[in-house]
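Remarks on the structure that follows.
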Amino acid sequence: EVYQSLDAFPLNLTRSFDFIIAGGGTAASVLAGRLSENNRFNVLLIEAGNDTASVIELIIPAWATKRNDTEFNWRFVSEPMEGLNNRTIDIPRGRGLGGSSAINAMVYTRGSKDDYDNWGRVTGDRRWGWEALQPYIRRHERWTGATGGRDPTGQYDPKVHGYRGNTQTSLGWYEPSDFDLRVRRNGVLQSEEFPNVLDLNAGKPIGATWIQSTIGNGERCSAARGYLTPSARERPNLTILLNTYITRVLPTPDNVSKKLDIRTVEIAPRYGGTRRALTASKELILSGGVIGTPHILLNSGIGNKTELEALGIPSIRDLPDVGQGITEHVSIAASFTTVPLNQTTIDDATALEMWQQNRTGPLTERFPNHQLLWFRLPKNATLFQTYKDPSTGPTSPQFVWGLDPTASGTLVLLSPYSRGTLKLSSSDPFARPRINYNLLSHPYDLAALKEGIRSLKRYYSGPAWEGYITGFTGPDPDVLSDDQFEQVVRNGAFTTLHPVGSAQMSAKGSKGGVVDPELRVKGVSGLRVIDASVFPYVPAANSQAAVYILTERAVDMIRDRW
Ligand SMILES: Cc1cc2nc3c(=O)[nH]c(=O)nc-3n(C[C@H](O)[C@H](O)[C@H](O)COP(=O)(O)OP(=O)(O)OC[C@H]3O[C@@H](n4cnc5c(N)ncnc54)[C@H](O)[C@@H]3O)c2cc1C
């Protein structure tokens, strides 16, 4: 059953809930869908926003940004960052069922083998490594081929996909363009540094890859649409409560064990009002995302004791790492010039007709480019004489660049050293938290972006680009002085919306971190955190696939326990 608001939610619910999932986003939708498959489990999911599943702008892939309003987007704003010459940046995050997966750009990239092996290393738990995660990597996915049914042979590896999962994935509807073929030709001619890769989701995405998306039959497949399907919503053991704000999690008052037990969630109507408390009989699972989760923990008195008490919030568990260590990809714009391009475009009315008639055409895509270039710097790059490479290993790209026919775009640094923080601004749970990613606070990140630009220059000087690329507009570290380059980057850098790691998992005995490798809050029983906040490192990839993988893994940990 779906309740539209707390007011509509019956006060005298006789049912008790085995699991309460606090937050209704990407991870939460997977949890609610999977746990309620077992009719022994009574599951309640609580979400601050509205339903998203039938909002047309959130279904048509090219229309994703049309609902960039506060209904479906929290629209946080960062604090001024020193590394960005005191600029603030916008921090969009999904609000509504499916969370960020309902408003994101749908790019489907799992990351590299080393990304996951590194999770296994830092948590001392091999279950988080690439090989051990293979069943979960496939379990969430339903590969659907290419939109419109064209033959995608040679653009993906059928062996590495899942076919029976909930998240529909696909290649785009377009046939490869002359530009795409030029990219592939260059992949052969420059195969040493920029090879062609058959499938970006096979564990070693280094080279030119075709883009895959969480799109099925020309429609966005958010976590809400994939897991909270009409038939899942009909389950008598699944309750969804919308437009309800989680203020805090609360300790169990009559707890007899010495260990702090937390299974109660305090909630209020979306815009404030009388608060209520609900207790799970088995577990409370926090899935508020990279901003919501640490915000709720801190509001509850779980975090840095000194800082919380200074705000007048009684500490119930001193965990100084709550809100610490947020990692986000940092990016800069760069542009090359090309010979005049003869690009045909389809007008808006025709595009809409194509989508309506048979779910084809440009509205089935979010981006105009069909391929991505993932790359690493040469092993002997002088930069590594000064800095240890922060990327997780040789299968992890250090950069990604969208291969757009205009040869202009965004260069993304995938493994930055800089780490950020989230802190409370007041003891009011409705007050916005103070978010500072500290972008470009570590000198490696700036130095790496400089080398990344040089790699792009080498790429576009490859033999296949003769007669196509005519120049480089910049920012060019070989033309600008060091100081000029630095100022261009600091004044222009932005992010790619993949923040993670505000409540990180760490090894069982480790004093650092917020959750153990089973994602239980350290020193607390009854409470897990399952979402992107637990990632100890940002993957060298867009972050949603890793959330699906992590959550499917976590579902089995919960099932094993109960
Ligand atoms: C605009 C945008 C574009 C992106 N593009 C891509 C992309 O192309 N590919 C990709 O892989 N990744 C992309 N990402 C990132 C990816 O979507 C996220 O990493 C992932 O969805 C996060 O999942 P999550 O479960 O951790 O959090 P979310 O999905 O954000 O879920 C958190 C949920 O908790 C709810 N919540 C928070 N606080 C409270 C509270 N106090 N009370 C009640 N509910 C609360 C929120 O409303 C939300 O529904 C993008 C993200 C954004 C915002």
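The values are calculated or read from the model by the stated rules, or taken from the named source; none is laboratory data. Quick caveat, the model's predicted, so the values are computed rather than measured. Neighbour counts are summed over all protein chains in view; Cβ atoms, including those assigned to glycine, are modelled from backbone coordinates with ideal geometry. Accessible surface is based on the protein model in full, side chains and every heavy atom, while ligands, DNA and RNA are left aside. Shrake-Rupley method; radii C 1.70, N 1.55, O 1.52, S 1.80 Å.
Here are the numbers for the structure shown:
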quantity	calculated
Subset of segment 428-444 [in contact with a helix residue (DSSP H, G or I) (Cβ under 8 Å, 6 or more places away or on another chain) and open to solvent by less than 20 Å² (accessible area, probe 1.4 Å)]	429, 433, 435, 439, 440, 444
Count of residues meeting criterion [part of a loop (DSSP other than H, G, I, E, B) and in contact with a Phe, Trp or Tyr (Cβ under 6 Å, 6 or more places away or on another chain)] in segment 377-413	5
Residue match in segment 72-89 (condition: acidic (Asp, Glu), surrounded by fewer than 18 Cβ atoms within 10 Å (Cβ to Cβ) and more than 18 Å from residue 418 (Cα to Cα))	no
Residue 119, sole failed condition from (1) under 30 Å from residue 358 (Cα atoms); (2) of a type in the set (A, V, I, L, M, F, W, C); (3) open to solvent by less than 10 Å² (accessible area, probe 1.4 Å)	(1)
Output for segment 52-72, where each listed residue is under 20 Å from the mean Cα position of the chain (by Cα), part of a loop (DSSP other than H, G, I, E, B) and under 18 Å from residue 229 (Cβ atoms)	52, 53, 59
Which numbered condition residue 367 misses (of (1) at pLDDT 95 or above; (2) within 16 Å of the ligand (Cβ to nearest atom); (3) of a type in the set (Phe, Trp, Tyr))	(1)
Those residues of segment 153-182 which are in a helix (DSSP H, G or I), touching a residue at least 12 places away in the same chain (Cβ under 8 Å) and closer than 19 Å to residue 401 by Cα, in sequence order	179, 180, 182
Tabulated pairs, segment 79-103, first away from the ligand (no atom under 13 Å from the Cβ), second part of a helix (DSSP H, G or I), C-beta under 6 angstrom, 6+ apart or interchain	84/490; 85/490; 85/491
Cβ pairs under 9 Å, 6+ apart, first in segment 508-526 and free of Cβ contacts under 8 Å to residues at least 24 places away in the same chain and within 15 Å of residue 323 (Cβ to Cβ), second among the basic types (Lys, Arg) and not in a loop (DSSP other than H, G, I, E, B)	515/528
Some residue of segment 322-333 being small (Gly, Ala, Ser), assigned to a loop (DSSP other than H, G, I, E, B), open to solvent by less than 70 Å² (accessible area, probe 1.4 Å) and modelled with pLDDT of 95 or more	yes
Any hit, segment 420-427, residues being closer than 24 Å to residue 539 by Cα and either of a type in the set (Val, Ile, Thr) or open to solvent by 10 Å² or more (accessible area, probe 1.4 Å) (or both)	yes
Residue check, residue 496 open to solvent by 30 Å² or more (accessible area, probe 1.4 Å), under 24 Å from residue 420 (Cβ atoms), out of contact with any Pro (no Cβ under 9 Å at 6 or more places or on another chain) and within 10 Å of the ligand (Cβ to nearest atom)	yes
Every residue from segment 183-209 that is open to solvent by less than 10 Å² (accessible area, probe 1.4 Å) and either in contact with a helix residue (DSSP H, G or I) (Cβ under 7 Å, 6 or more places away or on another chain) or not in a loop (DSSP other than H, G, I, E, B) (or both)	183, 186, 187, 194, 199, 201, 203, 207, 208, 209
Residue count, segment 269-303 (criterion: aliphatic (A, V, I, L, M) and surrounded by fewer than 19 Cβ atoms within 10 Å (Cβ to Cβ))	1
Any hit, segment 109-116, residues being within 14 Å of the ligand (Cβ to nearest atom), free of Cβ contacts under 8 Å to residues at least 40 places away in the same chain, open to solvent by less than 20 Å² (accessible area, probe 1.4 Å) and closer than 25 Å to residue 229 by Cβ	no
Where residue 339 falls short, out of the listed (1) closer than 29 Å to residue 441 by Cα; (2) of a type in the set (Val, Ile, Thr); (3) over 30 Å from the mean Cα position of the chain (by Cα)	(1)
